Amino acid sequence: MSKYLFNIIPFVFSTLFLLPVNGQTNIKVESTVSVDRMMERFVANGKANENIKAWRIQIITTDDRREMETAKATFSSIYPGMNVDWKHVTPYYQVRVGYFENKNKLMPFLLEIKKTFPSATPVYDNVSKRALVSN
């Protein structure tokens with residue numbers, strides 16, 4: 001998609017949602033056909049893509065499943081309620097935690113986690129939208 005689309009969408013939404021609400025219900029927004037088509041493509045693309053990119057913290061990478069399960073249990077006991085996922089990328093098991101919008105929001109938590117998991121590193125990962133909503 002073009003840069004133009006990403007510049008126009010915040011403008012359209014801010015125009016729609018930041019209008020003063022004083023009992024008016026007959027608000028009419030007029031747009032050109034090209035803007036309507038871009039919005040339709042944007043919505044269709046958002047519905048079609050099941051995953052988005054997000055920052056996560058990978059607390060361990062190991063080829064020992066028991067070590068992976070121990071790390072996962074340790075993390076869950078220290079940070080109950082925080083998201084913990086693991087995946088097997090042959091021959092390694094990876095444990096990843098949290099979802100962060102950007103790397104700056106991740107860094108304070110990474111420094112805290114490194115006390116228990118010194119090998120923790122930030123990773124940019126494909127994350128299911130459903131996982132984000134359920135968190």
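The values are calculated or read from the model by the stated rules, or taken from the named source; none is laboratory data. All figures in this text were calculated on a predicted structure; none of them were measured in a lab.
Where in region 1-115 are there helices (runs of 4 or more DSSP H), lying fully within it, with 3 or more residues that are modelled with pLDDT under 90 and either in the same structural domain as Arg130 (by TED's automatic domain parsing) or not basic (Lys, Arg) (or both)? Can you show your working first?
Details: elements: 3-17, 33-48, 65-78, 103-113.
Where helices (runs of 4 or more DSSP H) fall fully within region 1-115 and carry at least 3 residues being modelled with pLDDT under 90 and either in the same structural domain as Arg130 (by TED's automatic domain parsing) or not basic (Lys, Arg) (or both), they are 3-17, 33-48.
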With respect to Lys103, is the statement that it is of a type outside the set (Val, Ile, Thr) and closer than 17 Å to Lys53 by Cα true? yes
If you take the residues in region 116-125 that are of a type in the set (S, T, N, Q) and part of a loop (DSSP other than H, G, I, E, B), which one is nearest to Ile60 (Cα to Cα)? Ser119
